[in-house]
1. Restricting to region A:367-382, name every residue that is surrounded by fewer than 19 Cβ atoms within 10 Å (Cβ to Cβ) and part of a helix (DSSP H, G or I).
2. Run B:Arg174 past the list (1) modelled with pLDDT of 95 or more; (2) under 27 Å from A:Thr30 (Cβ atoms) and report the number of the one that doesn't hold.
3. Only one of these is buried (at least 24 other Cβ atoms within 10 Å of the Cβ), within 20 Å of A:Met188 (Cα to Cα) and either modelled with pLDDT of 95 or more or within 9 Å of chain B (Cβ to nearest Cβ) (or both): A:Val334, A:Val312. Name it.
4. Can you find, within region B:464-480, the residue that is nearest to the chain's Cα centre (by Cα) among those that are in a loop (DSSP other than H, G, I, E, B) and charged (D, E, K, R)?
5. Please go through (1) at pLDDT 95 or above; (2) facing chain A (nearest Cβ under 9 Å); (3) in contact with a strand residue (DSSP E or B) (Cβ under 7 Å, 6 or more places away or on another chain) for B:Pro132 and return the number of the only condition it doesn't satisfy.
6. Check whether at least one residue in region A:400-409 is surrounded by fewer than 19 Cβ atoms within 10 Å (Cβ to Cβ), of a type in the set (S, T, N, Q) and touching a residue at least 40 places away in the same chain (Cβ under 8 Å), and report yes or no.
7. Do we find a residue being within 12 Å of B:Asn336 (Cβ to Cβ) and assigned to a loop (DSSP other than H, G, I, E, B) anywhere in region B:296-308?
8. Select, from A:Ile223, A:Ile191, the only residue that is over 30 Å from B:Leu173 (Cα atoms) and within 11 Å of another protein chain (Cβ to nearest Cβ).
Number of protein chains: 2
Amino acid sequence: TPMTNRNMSAKASAGRLDGKLREKTLTLDTLNPQVKAVEYAVRGPIVIKAGEIERYLEEGGTKPFSEVIKANIGDAHAMGQKPITFLRQVVALCTFPELMDSPSFPEDAKRRARRILQGCGGHSLGSYSASPGVECIRKDIAAYIEQRDEGVPSDWENIYLTTGASDGIMTILRLLVSGKDSSRTGVMIPIPQYPLYSAAISEMDAVQVNYYLDEDNCWALDINELHRSYQAAKQHCQPRVICIINPGNPTGQVQSKKCIEEVLHFAYEENLFVMSDEVYQDNVYAPDCQFHSFKKVLYEMGPEYFNSVELVSFHSTSKGYTGECGFRGGYMEVINMDPEVKAQLVKLLSVRLCPPLAGQAAMDVIVNPPQPEEHTFKQFHQEKSSVLGALAEKAKLTEKILNAVPGIKCNPVQGAMYAFPRIFIPPKAVEEAKALGMQPDMLYCLRLLEETGICVVPGSGFGQKDGTYHFRMTILPSIEKLKVLLGKVRDFHIGFLKEYSGLE
Amino acid sequence: TPMTNRNMSAKASAGRLDGKLREKTLTLDTLNPQVKAVEYAVRGPIVIKAGEIERYLEEGGTKPFSEVIKANIGDAHAMGQKPITFLRQVVALCTFPELMDSPSFPEDAKRRARRILQGCGGHSLGSYSASPGVECIRKDIAAYIEQRDEGVPSDWENIYLTTGASDGIMTILRLLVSGKDSSRTGVMIPIPQYPLYSAAISEMDAVQVNYYLDEDNCWALDINELHRSYQAAKQHCQPRVICIINPGNPTGQVQSKKCIEEVLHFAYEENLFVMSDEVYQDNVYAPDCQFHSFKKVLYEMGPEYFNSVELVSFHSTSKGYTGECGFRGGYMEVINMDPEVKAQLVKLLSVRLCPPLAGQAAMDVIVNPPQPEEHTFKQFHQEKSSVLGALAEKAKLTEKILNAVPGIKCNPVQGAMYAFPRIFIPPKAVEEAKALGMQPDMLYCLRLLEETGICVVPGSGFGQKDGTYHFRMTILPSIEKLKVLLGKVRDFHIGFLKEYSGLE
């Protein structure tokens, strides 16, 4: 007999519950503890606070500033950077192929869009692609890599499109970190690091193995520190993978070729799987620096290395000169992976079906941009140079202004899109933070936000040597805005020092 | 002193290795065993085989057929379905806002695109959105749900955009399944099921708790079977969550209101978290069936239920009448989630930054389509009705043709986009399959593929009662193609029966 609603309700409130609210199934106590352990400072408490202040201002509230400047995340377009016209033309053509008939779209863009659509089921961006991505895009990426690496061969079947680089990084870690005995899998990461790594390690319950970058040496990676870190970790886990971010996030250093050789040699010797986060490969500003891909360096070390070290390199549409974060495009190139494991990787990717097609198309434009002989080259080149030129200028400017502030020391921003200055925090402020149960640089950044509207991320969110304090800020605001921002940081810092040094 | 390449190579080959290849770090033996355990039939071995045959044909090889028809996956555009013009116009306008000046784009589309861009950082689809999605899109979704559910309130802050529905389902399971004692967390799923569920359960090392749908009763969900399944599972795990797919995938049934009430009452009584996969909510074809959302039914059961049962409902751009799989758009509505858990959910989402913006925009069009008073309504309505009308016709056609084949029995395709016919497999074929270490319906589907080029998925990939065999095929090919396809299935089946019944 069917129960009526009334019957069920009556049973429910009269029965087991006695009028009390039913207990929740999912509470903080029953939540997966590994989720609880995850921290992600780039969008953490300070950013939530910034959002609150933003809403407060919108609703007519007043603050000593008129807008919140979100320098917490590498979100170029949100900071006013304009999209690369050609990229958007290709994606728009793929999205709405009726535009192929429009004379306002260049033939170069149409040719690329046609080619991409040719690779899509039903010639539509609305079809699933194969899980590793659209075949012709994978081929374009392989061709790009060969060119970038001056002829080092790249096999398109080693290329896997991803949903941003984060997705690729999580997927590869998932292969490496076992659930059951996961507490034994060590993952070596730089400190300071981009907190996707620590978050993934927490979520998967692996062991985070820190190797510290050398702040006094422009955040260089010191091979001796790698050995120290590895040996120390060996006591309590099995380090199986080493992650490198080059150019560095949040630290902005660009690794030398020699340093990369040393890392690869170390990985070779210790049988480590290498994950090389190279999403900032187009973001190198310092004239004496150059991007060297881990793959090319591995190749040049000879076949014993090139045919054996397992290496995955990640790239993305979100950074570089395009800054297309919202498209969630990216790829990874997988070298020397065991063929049986590769089949497992494809299987794992297939559960999520495929990366977004618009992001795949955007990635294709990045690896296959207008060539000098094409009509669209001039505008494309202009737009690209303008973005990269401005970033180089802002990198210099940021370093210079910050280093002129007493109690702030900022390494050169050789690449990527962040400054990670060291800040002196007076002992009194450290004490106050501790009393509040807060990291000292969190206190600092919260004060900065509340007094100036500038949102930066505390160094503690990336990791830093004990007793040192930093923050990460992007160099993405326009030059004018950046100058104002840096001026405010300076004034705030001086005031903060005064206040906590008892000089006020 | 810097090592030269030669030095390192010499050391490497002369040292530890003695000329032998360095061992791989990551092999099938050291791979995360939970990844190994994952199975995903929809893109499994049979689909890999189909791809091989496709390539063989392209390269000039010959088969008894000229093309492979992929009826394995609900990929509408790949099967020739055309995109909804209005949706693509809005997304193209968002992608390339210069088109706002084009007279060939309707004002209705421009208005929506402007509104979406207004909600994006820097008014660009290239910015990250907030991790739960663009605010105005969340609001549009909430308004859509209120309208769909005839006034049942929906709070936009309970809406989270996702990267397709799969991403949302994985995320919610991640909260519920603990790593450390995960083998104690039971996840109740229907059998047959969409294998994302079993794959996620394997990956997270939870316990799969099967409840069987009643094939003899048009795949209805029987409440007694839920009780049986729950009690049996209690012996070895703690069932914490029940997953429902309505309309059903692969089974095509549409749940009655009474049945949904019973499920919700059961979840209430047993303190289960409810995950309701409603991605086919627009795909109901049987005239006597209607889509009832779990949320609306919960509301109508009264406040004791509506204010307590934790429910998440999933939707997607990939199905319905749009079939925009490649955009990887979707959302989930989260009801009665503990506020502290919600904060943890937002944190977890933030690690992946945000769902793709083009997919978010596509989702917005689906929940905010042209209204009768808008100029674009007529064309939109025509396109939508044409897709849904054809699907309804194909649902009927498929059922009818399959049921006319001796040894095939197909329940009515009330909704979704698949037929899941039961097939009789002669004992001799079952034996042969077993000798080959293969499921009998895998043997059947492989033979079907090799003899006809038709790619369908064996029932064993979805789960089925022991001793019964099925396959899943989509009803997405055009009517003409579908007729040919079903004719080939019929002929194949008759031949297969003859062969293995010793009649040949």
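The values are calculated or read from the model by the stated rules, or taken from the named source; none is laboratory data. As the structure is a prediction and not an experimental result, all values here were calculated from the model. Ideal geometry is used to build each Cβ from the backbone, glycine not excepted, and the neighbour counts take in all protein chains shown.
1. A:Phe377, A:Lys378, A:Gln379, A:His381, A:Gln382
2. In the conditions (1) modelled with pLDDT of 95 or more; (2) under 27 Å from A:Thr30 (Cβ atoms), B:Arg174 misses (1) alone.
3. Values: A:Val334 fails: buried (at least 24 other Cβ atoms within 10 Å of the Cβ).
Answer to the selection: A:Val312.
4. Initially, region B:464-480 is screened for residues in a loop (DSSP other than H, G, I, E, B), giving B:464-469, B:475-478.
Keeping just the survivors that are charged (D, E, K, R) gives B:465-466.
Working: B:Lys465: 21, B:Asp466: 24 Å.
Within region B:464-480, the match that is nearest to the chain's Cα centre (by Cα) is B:Lys465.
5. Checking B:Pro132 against (1) at pLDDT 95 or above; (2) facing chain A (nearest Cβ under 9 Å); (3) in contact with a strand residue (DSSP E or B) (Cβ under 7 Å, 6 or more places away or on another chain), the one that fails is (2).
6. no
7. Within region B:296-308 (the criterion being within 12 Å of B:Asn336 (Cβ to Cβ) and assigned to a loop (DSSP other than H, G, I, E, B)), the answer is yes, since at least one residue qualifies.
8. Values: A:Ile191 fails: within 11 Å of another protein chain (Cβ to nearest Cβ).
Just one listed residue meets the conditions, A:Ile223.
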